[in-house]
Structure formats: C-alpha cells, structure tokens
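The values are calculated or read from the model by the stated rules, or taken from the named source; none is laboratory data. Quick caveat, the model's predicted, so the values are computed rather than measured. We place every Cβ from the backbone using ideal geometry, glycine too, and count neighbours over all the protein chains shown.
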Amino acid sequence: MGKVRELSRREFVHEVGGLAALSALGLAGFLPGASTAVRAADLPRPGEADWPRFGHDLHNTRFNDKEKTIGPENVDKLKVKWQFDTMDNWPPVTTPAVVGDTVFFGAGGFQYALDSSTGKMKWHTETGIAGEWLTAGKNQAIRSSSNYYNGKVYYGTGFCDVVCVDAATGKMVWKTNLENDRLLNSSIFYSPIVYNNRVLVGYTSGMAQIVCLHAETGAIRWRFRVAQEVPAEMRTGGGSLWTSGAIDEQMGVVFNATGSNKAFMPPGPILYTESIVAHDIETGELLWGFQAHPHDAFDLDFCAHPMVFDAVSPARFRNDVRHCVGAGNKAGFYCLNRHTGDLYWRTMLGAACASCGPRINATAVAYNKVYVQNSSPVSNPPLAVTAALNAYNGEIEWIVPNPQMNIGPIAIANGVLYQGLTTISKMEALDARSGRRLWEYTLPSAYRGGVSIANGALYTSNGEPESWGGTPVPYKHSVYCFTIDGK
C-alpha cells in the first residue's frame, strides 16, 4: 500500500490560514476577497424529486426513487417542452444537475444555469476552452457533470481544475488546479461528488490521482496516486479516473474505478490500475483494492461508475442481504463485497475489447437489479443489448437487443429505464420490469452526456463525438426538456 499524505486537524487549520499557504496547496485561483455568501432569494428552490449530481445520489445509482409523475403508463406522451442551444455549439457531454427551478450543466468552456421550466439562461460563466473549435482542444472542454451542494456548484475542467461557483450568480468562489504539467495531458472527466464538506474527484493522466478537497476553500486534504508501482520520476503509470465516485456514508468510504496501465514493469502487476478501490474519506487511507486485470495490455478500463447497493437474495437463500459495490468495465460488470473487496459475481454480456462494455457509464441500479447497456462491436455480428441482472447473483433477468451501439449514461425512475443510442441518435424509454420499449425520440446527433429525470421532467442532450474533430456540423448541440404533452 502506497503512502498517502494526511493532514492532521492542526495542520489543516494552519495550512488554510493564509493566502500563501493556500497557494502552496495549489490554490492559485482561490479568491480570498470574493464573498462566498449567496443571495438566498436567487438560489434554486429545491423540488420534491431533484437530480443534484451525476449519479443522482451519493450511492451513484442513477435511480430517482422520488420521481412519480412519469411512468410506464404515460411515458409515451413525452414531448419537447424546451430546447437550449449551447452558445458556441460545443456538444454537451455532461448529465444535467436539476435542483427545483434550475438546471446546471457544462459544455465546451461554459458552465450554464437554466430555468428548468422555460430553458431560459439564468447565467453562464467561462472556464477553459470555449469559442472556436480546436481539434487538440476537445479534452479541454468541460466533460465533468455538475454537483449542487449547499448553494454552490462544483465541476471539473479540461485543464484539470476543480471549480466552485456560486449557484445563484455563477461567480467563482474558488478554483484548484490538480495537475499543471501540460505534457501529461491531464483532464477531469470525473464528476465531483460532494459530501460532508468534502469534494471527491479524480483525473485522467499518465500520473492519475484521486483527490479530496475542502468544499469551502478548495484546499487539498489528501491525494492518492493510482499507479504506485511505477516510480514517480517516470511521469507515467496510468490508472485514469474516467467517471464519478460513490460514497457509503455509514462507513465513511469513497469507492472509485480506475483505468488502464500505461507502463509495463514485469514481473508484477501495476497496482491499482483497472481496479475498484476503497478509501477512507477523511484520511485517504486505502482500505482495499480489487484489480480486475493485472498487467493488462488491452485497454480494459473501468468505463462505468461504481455504485453502492444492498442486494437481497432470491427466496431460496432465505433473505440474505449482500452489501455491494459494483462497476462495469470493458469486459463485464463486477459486484464486490464493499466491506472487504471480495468478488461476489461477474457477468459478461459480450466480448472484451477496448470499445466494448457498458461504455461511458451505461449502468444503473434499482429494484434489486443492476441495469447494463452493453456494446460489443467486435462480435460477429456486432452485438448491442440492454439487460437487467439480479443484483444478488448477476443472473440475467431480462435482455433485449438494441439496434445500435451506445456510449452514454442510462437512468431509472418510476419503473422506466431511459437510454440513448449513438449511431441512429435516439433517446428511448424501456419498461424496467421487462425491457419492453415504451417511447423513443430521434435526436439530431448522438446521445452522449446522460439523462436526468426530475420533478416530472426528463432532461438530456445531444452531443456528437465525430464533430470534435473541428468539422462544421449542420445541426445544433442542445439540452432538451421533455414533459408529458410538452406542458
């Protein structure tokens, strides 16, 4: 187990006591003179069924159990209520965060706040690449979904900055850079998860790390470098964080899933690449790590977010309950004991390859089932399916074919599964009990960023990966709001 820098309570108070100390912690963007007070009248008014972060809840389930308006009986009546086109036509590839009357999302170099009823812009702020298209700049665009917490919005940028802004105005509260070596091509795809005044985040890089920051100041509490087996002076190793973490608040543990190794040093594996890892939130202590593919050379990243859930056994096992954490990679879905890291089950729905699996977070958990949208383009013929797996043992409860591949997050609410398709550019609704198709809507370009179901509305976007090469496209990149009959 590698060493993790840990601040004592006294050290932390000392280090955040002045601007010089903050700068030493990497907080060059901290604004000590800016007021962190928010105007209460302008803050979002919470709804009964909000979607405040990428995974909806701290467990990262992408399941809104409070949504009761849209269901299997009326989802076929969904129509567009409003459409918001991004200002510079950058594709939004993030999941909208919805808090009552406000929608937060990022695209290109802009962070936006929209009125959730009308789609009218409340504010926008610029962070990172924006404006003209740059082929080399696609990873510098915002690809980190927003997290609303206590009157503020937190997100990551393509320049490896974690940013906190006032939710009422969009004004920056603080900005912390996690890696300023441009040669490492570091970027934040990870959607921050904020809990107990802590911000948990990770970044993609040859020297990828998991980082914990203070939610009020941006001060770095602890760091964990993933590929610890590779000497730091080599400036490589891999283990990129492509998604968001999950938290078990009772245990005080954060779970993360890591990417492939970028170095080969026989005879041993490169810990902790292509792994699910568990850390103590307060101290950064590594509690356990499960490595799915030691010393892998085939880019079998964990490409879907970890999820925390309790799985109830089938009746024949006398109501046993398993305390699980699970995540999907490019070779299947893995379910572990979240206390020990021991494997409960693994299920494959197609071939293992660099372009396979539940790519870009195409998983959710609800109703004692793990839902997986899986693509296997190297199969003969190419295979794309959506399946519901028994959360206790991984057995397939239902499976349906998809007409095209997927590359975006799915979501569940009130008995409906929402998913997108890439090549034919569709948003679909399936019955979560059976997989029966209930509704579809054709988008101008591929679905990529994710879907939020909140307060009787569905929010999603279209973002075409092929257009990132700088080629002009004849359509708009937009965020959409769907409601029953568009009302």
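Details
- Output for the range 161-175, where each listed residue is crowded, with 23+ Cβ neighbours inside 10 Å and in contact with an Asp or Glu (Cβ under 7 Å, 6 or more places away or on another chain): 173
- Subset of the range 394-429 [assigned to a strand (DSSP E or B) and of a type in the set (Asp, Glu)]: 397, 428
- For the range 285-295, a residue qualifies if it is farther than 13 Å from residue 340 by Cα and either in contact with a helix residue (DSSP H, G or I) (Cβ under 8 Å, 6 or more places away or on another chain) or buried (at least 20 other Cβ atoms within 10 Å of the Cβ) (or both), and the qualifying residues are 292, 293.
- Hey, residue 401 at pLDDT 90 or above, touching a Phe, Trp or Tyr at 6+ places or on another chain (Cβ under 6 Å) and surrounded by fewer than 24 Cβ atoms within 10 Å (Cβ to Cβ) or not: no
- Here residue 395 fulfils each of the conditions (1) closer than 15 Å to residue 328 by Cβ; (2) of a type outside the set (Val, Ile, Thr); (3) surrounded by fewer than 18 Cβ atoms within 10 Å (Cβ to Cβ) apart from (1).
- Residue in the range 244-254 that is farthest from the chain's Cα centre (by Cα), counting only those that are more than 12 Å from residue 279 (Cβ to Cβ) and touching a residue at least 60 places away in the same chain (Cβ under 8 Å): 249
- Tally, over the range 186-223, of residues that are of a type outside the set (Val, Ile, Thr) and part of a strand (DSSP E or B): 12
- Residue match in the range 221-243 (condition: of a type in the set (Ser, Thr, Tyr), closer than 21 Å to residue 346 by Cβ and under 16 Å from the mean Cα position of the chain (by Cα)): yes
- The one condition from (1) closer than 12 Å to residue 144 by Cβ; (2) modelled with pLDDT of 95 or more; (3) not basic (Lys, Arg) that residue 177 does not meet is (1).
- Single residue of the range 430-454 satisfying the filter (basic (Lys, Arg) and part of a loop (DSSP other than H, G, I, E, B)) that is surrounded by the most Cβ atoms within 10 Å (Cβ to Cβ): 448
- For the range 323-350, residues that are under 19 Å from residue 243 (Cβ atoms), part of a loop (DSSP other than H, G, I, E, B) and not small (Gly, Ala, Ser) total 3.
- The sole residue among 311, 257, 292 that is at pLDDT 95 or above, within 30 Å of residue 215 (Cβ to Cβ) and within 24 Å of the chain's Cα centre (by Cα) is 257.
- If you check 388, 411 for being crowded, with 21+ Cβ neighbours inside 10 Å and over 17 Å from residue 359 (Cβ atoms), only one passes: 388.
- Looking only at residues of the range 329-372 that are basic (Lys, Arg) and farther than 16 Å from residue 383 by Cα, we find that the one that is surrounded by the most Cβ atoms within 10 Å (Cβ to Cβ) is 338.
- A count restricted to the range 378-393 and to residues that are part of a loop (DSSP other than H, G, I, E, B) and either β-branched (Val, Ile, Thr) or more than 23 Å from the chain's Cα centre (by Cα) (or both) stands at 7.
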